[in-house]
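Enquirer: Here it is, the structure in full.
The values are calculated or read from the model by the stated rules, or taken from the named source; none is laboratory data. Quantities reported herein were computed from a predicted structural model and do not represent experimental measurements. Ideal geometry is used to build each Cβ from the backbone, glycine not excepted, and the neighbour counts take in all protein chains shown.
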Amino acid sequence: MHSRMDRRSALKSGLLALGAMSVAPHLRAGAFSDAPLMLDPENRIFRSPMVREHFLPETFEAPQVIARLNLNENPYGPPESAQKAVAESVKYGNRYAGKEMSVLIDKIAKKEGLPADHIMMAAGSTEILEKVALVLFMHGGNVVSADPCFMSLIKAAESVKATWKAIPCKADWSHDLNAMEAAIDDNTKLVYLCNPNNPTGSITSGKDLLDFCSRVSEKVPVFIDEAYIELAVGANTQSMVSLLSQKKNVIIARTFSKIMGMAGIRVGYMVALPSFIQRINSIARTGSGISYTSIFAASASLDDLAFQDKTRRLTQEGKSYLCKQLDQMGYQYIPSYTNFVIFPISMPGKDFLAKMTAKGIAVRAFDIQNKPWCRVSIGTMDEMKAFVSALGQLG
Ligand SMILES: Cc1ncc(COP(=O)(O)O)c(C=O)c1O
């Protein structure tokens with residue numbers, strides 16, 4: 001099982017399922033980062049002032065993955081309805097899908113309660129995060145966001161020489177909105193918030209965020225990344241889309257990768273003022289990067305409320321099971337409103353990652369404020385049991 005493989009046979013054998021992190025150094029930190037060159041002597045990447053991520057050495061001997069819990073994917077997708085739609089649409093692959101794209105945009109606009117000119121489609125929300133960053137920061141400036149937070153937008157902004165004002169989260173890991181507002185200066189081009197946040201899984205109160213966005217967006221655009229909002233069961237929070245009907249300069253990113261289970265099909269959308277969408281489109285023309293098949297899959301999954309409910313229910317079940325087991329083992333996790341949980345561990349992150357990977361469990365290991373943490377995605381119940389069993393054996 002633990003035999004060493006060359007890269008090609010590792011990819012073929014499914015070792016890729018360990019995630020790009022363990023086998024493909026050039027994919028480690030995203031297209032906009034030179035982070036693989038910045039691996040420190042402990043094989044960590046500097047993610048932010050607060051966060052370092054551990055990686056295994058190239059030479060690490062890894063077995064087949066039995067639980068893929070490192071990328072916050074939805075193990076139940078894509079929905080059957082979307083699979084059928086993809087199969088049916090393949091035969092139209094010789095055509096440009098302009099009309100079908102308009103139909104999809106109309107459907108999303110109706111769902112969001114806004115005119116269609118408020119919607120911009122993209123091949124996943126990463127494309128939105130990166131394009132917005134490149135357009136807004138092409139002449140420099142700074143971006144204000146929490147630390148820790150999801151790094152795609154920040155990395156893209158930094159790649160065109162923007163600076164990042166990283167504002168530590170509060171003790172409960174919610175956004176420190178007062179500190180973020182105070183950090184805005186004449187050079188600030190954007191405030192970026194991720195709610196619920198990644199990698200913490202925490203939320204920021206809907207009312208506080210509405211007040212903040214409403215006020216701050218008068219000075220500078222506020223980008224709210226809502227990748228996990230549909231999974232925020234029982235959370236005291238809400239989408240910021242409603243602010244657009246008040247003509248507030250907010251930008252909301254949504255993805256089909258999480259609740260819809262379509263991470264590999266690549267669909268996301270941005271909801272923003274038409275003037276903001278025009279600004280992005282005038283420089284980074286968008287929409288044509290989405291295939292006919294992705295459009296059909298997205299449309300079918302939007303209608304498939306039963307699949308979305310199933311995802312929510314099974315994610316909650318997996319998370320409850322995990323949290324109960326963590327409680328019993330004495331681990332203290334951050335309450336999560338997403339499909340992953342992060343918790344401090346009691347051994348160095350690199351040892352933890354090596355031990356879990358050797359057992360076929362793919363997770364992430366970070367040092368946050370110099371203390372080791374594990375981030376584990378919610379997979380199927382079998383995967384969660386495999387994770388818990390491996391964790392229990394670590395001693
Ligand atoms: C907060 C957040 N935003 C955006 C993304 C990107 O998702 P995608 O590009 O698949 O839509 C992720 C992926 O994990 C995420 O965690």
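Enquirer: I need the full set of residues from the range 167-180 which are within 18 Å of C213 (Cα to Cα) and crowded, with 16+ Cβ neighbours inside 10 Å, in order please.
Expert: Selection gives I167, C169, S174, H175, D176, L177, M180.
Enquirer: Check the range 143-150 and report whether any residue there is surrounded by fewer than 21 Cβ atoms within 10 Å (Cβ to Cβ), hydroxyl-bearing (S, T, Y) and at pLDDT 95 or above.
Expert: no
Enquirer: Name the residue, out of Y337, Y333, that is outside the structural domain of M260 (by TED's automatic domain parsing), of a type in the set (F, W, Y) and free of Cβ contacts under 8 Å to residues at least 12 places away in the same chain. Before you say what the answer is, go through the steps one by one.
Expert: Working: Y337 fails: free of Cβ contacts under 8 Å to residues at least 12 places away in the same chain.
None of the others qualify; the one that does is Y333.
Enquirer: Just the residues that are aliphatic (A, V, I, L, M) and over 17 Å from T315 (Cβ atoms), please, taken from the range 180-213.
Expert: So the first thing to find is which residues in the range 180-213 are aliphatic (A, V, I, L, M), and the list is 180, 182-184, 190-191, 193, 203, 209-210.
Result: M180, A182, A183, I184, L190, V191, L193, L209, L210.
Enquirer: Tell me, please, whether a residue that is within 12 Å of the ligand (Cβ to nearest atom), outside any loop (DSSP other than H, G, I, E, B) and in the same structural domain as G124 (by TED's automatic domain parsing) can be found in the range 255-265.
Expert: Yes, the range 255-265 contains at least one residue that is within 12 Å of the ligand (Cβ to nearest atom), outside any loop (DSSP other than H, G, I, E, B) and in the same structural domain as G124 (by TED's automatic domain parsing).
This table checks each residue for (1) in a loop (DSSP other than H, G, I, E, B); (2) touching a Phe, Trp or Tyr at 6+ places or on another chain (Cβ under 8 Å); (3) at pLDDT 95 or above.
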{"site": "A29", "(1), (2), (3)": "yes, no, no"}
{"site": "P57", "(1), (2), (3)": "yes, no, no"}
{"site": "L71", "(1), (2), (3)": "yes, no, yes"}
{"site": "Y76", "(1), (2), (3)": "yes, yes, yes"}
{"site": "E88", "(1), (2), (3)": "no, yes, yes"}
{"site": "V103", "(1), (2), (3)": "no, no, yes"}
